[in-house]
Amino acid sequence: MKRALVAAVVALSGCVSPQPETTPMPQRIIPYSGGLKIADSAGQEISFGRVQLGVEVAMNRLVGATPNETAMTAQGCQIKGWKNGLKLVFDKGDFVGWIAGAPVWQTPEGSAGNTCGWTL
């Protein structure tokens, strides 16, 4: 009986469910003065003037999540924010600026393009 119990415990010990990944995704977005560069992509970038839908699809794929924050500025621009601290600014459906802050981009925060008066 004891042998059967020990054999069952040993057999079941290999059936542990995998633990979820707890390490953050590597940062693939590099903000710069003309938009966003994509690391390890042979020079690909998301430049200012791109259509909002395409920018959001690319961001979701690169960052691994949909925006967790949406706001409007007094000038009528739309702000979309991701959990990595990056906020993108869209004016009339075009990507016009970015604002980067915590948690990925530590202080001082940075921005480029038209932020429509939005600050972190």
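Bear in mind that the values in this text are calculations on the coordinates, not laboratory data. These numbers come from a predicted model, not from an experiment. So basically every Cβ, Gly included, is an ideal-geometry build from the backbone, and we count neighbours across all protein chains shown.
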Considering each of L62, L53 in turn, give the residue that is assigned to a helix (DSSP H, G or I) and in contact with a Lys or Arg (Cβ under 6 Å, 6 or more places away or on another chain). L62
Within region 31-64, which residues are surrounded by fewer than 13 Cβ atoms within 10 Å (Cβ to Cβ), more than 15 Å from N114 (Cα to Cα) and among the small types (G, A, S)? A39, S41, A42, G43, G54
Please go through region 65-113 and give me each residue that is in contact with a strand residue (DSSP E or B) (Cβ under 8 Å, 6 or more places away or on another chain), without any contact (Cβ under 8 Å) to a residue 12 or more places away in the chain and assigned to a loop (DSSP other than H, G, I, E, B), ordered by number. E109
